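This report concerns only the one structure given below.
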Amino acid sequence: MSMFERLRGFGARPAPAAAEPAVLDWAPGLPHDAGGHAGIGAGHIAREGIDTSHKVILYLEDVTVSFDGFKALNALSFALDDGELRCVIGPNGAGKTTMMDVITGKTRADEGKLFLGQTIDLTRYDEPAIATLGIGRKFQKPTVFERHSVFENLELALKNDKRWWKTINARLKSWQEDRIAAVLATIGLAGEVRRPAGMLAHGQKQRLEIGMLLVQDPRVLLLDEPVAGMTDEETAELATLLNTLRGKHSIVVVEHDMDFVARISERVTVLHEGRVLAEGTLDEVKNDATVVEVYLGR
């Protein structure tokens, strides 16, 4: 009996797949032509991946978002390098969450450019399609399936065909089991696989939700205040996890905890009134007089 049969208590393991299947030429939400086929751009994206030949994986230029006349983003420009871990800080109302909303397609920009890599214009895609393209987002409050086990949460998060007739008869392939095992080890929950997610500590739930993104193999991770409500020990564990992910994924962390920021980020972006106020190392922005005045205080 395999490790996964013992962990899950299921019957015989399905026959292993010969290899991980190729990426589909299209995904729900991507542009299609009049005949229902994926457009040239969409097919190229899915088959060839994200072009980071110029190093940058995420690029915003002069992005503006207005709500009833209030500019939540005001000609915001921002660039994230491939494999970089960047922290974004700033006072409440600075535009941090709106920036993530625009990147993920939850909110549409009124003006500006938004690219994933050199060629993928994110303004052309809706929210589900952007997730399919490789951008994963974690909100501040963990949203795990509390009545399901840790293993089942990761299984549900896999990139599978979610149509009900496919889901009913779905059996994990060997590469999917390997993916889940690797993620369990990465997030430090290998010993909790059969435990209901609702019984996990707060910090463990946060790491499980990050794991639910990791099983989808995203290129970009957006994390919104991930250490809110955590103990010092849980905060340290999450810092270790994110430093482990550095270089394997491109990560943006919105956070107010400066001690946590110091543990993980080599570069910090400060937002204020919907645009970049300062950017540099944490020491550089902490010593910027304008940043001190509007955010950090004395």
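The values are calculated or read from the model by the stated rules, or taken from the named source; none is laboratory data. Predicted model only: the values in this text are computed from it and were never measured. Ideal geometry is used to build each Cβ from the backbone, glycine not excepted, and the neighbour counts take in all protein chains shown.
Structure above, values below:
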| quantity | calculated |
| --- | --- |
| Matching entry among 270, 227, 253 (being crowded, with 21+ Cβ neighbours inside 10 Å, more than 26 Å from residue 112 (Cβ to Cβ) and either out of contact with any Gly (no Cβ under 8 Å at 6 or more places or on another chain) or not polar (S, T, N, Q) (or both)) | 227 |
| Selected residue (criterion: surrounded by the most Cβ atoms within 10 Å (Cβ to Cβ)) from residues of region 273-282 that are of a type outside the set (S, T, N, Q) and free of Cβ contacts under 8 Å to residues at least 24 places away in the same chain | 278 |
| Hits in region 205-218 (condition: in a helix (DSSP H, G or I) and in contact with a helix residue (DSSP H, G or I) (Cβ under 8 Å, 6 or more places away or on another chain)) | 205, 206, 207, 208, 210, 211, 212, 213, 214 |
| Members of region 173-204 that are buried (at least 17 other Cβ atoms within 10 Å of the Cβ) and part of a loop (DSSP other than H, G, I, E, B) | 173, 188, 189, 193, 200 |
| Evaluation of residue 234 against (1) under 22 Å from residue 52 (Cβ atoms); (2) surrounded by fewer than 20 Cβ atoms within 10 Å (Cβ to Cβ) (one fails), failing number | (1) |
| Every residue from region 283-298 that is in contact with a strand residue (DSSP E or B) (Cβ under 7 Å, 6 or more places away or on another chain) and either in contact (Cβ under 8 Å) with a residue 24 or more places away in the chain or in a helix (DSSP H, G or I) (or both) | 285, 290, 291, 294, 295 |
| Among (1) of a type outside the set (Lys, Arg); (2) modelled with pLDDT of 95 or more; (3) closer than 18 Å to residue 92 by Cβ; (4) not in a helix (DSSP H, G or I), the one test that residue 221 misses | (3) |
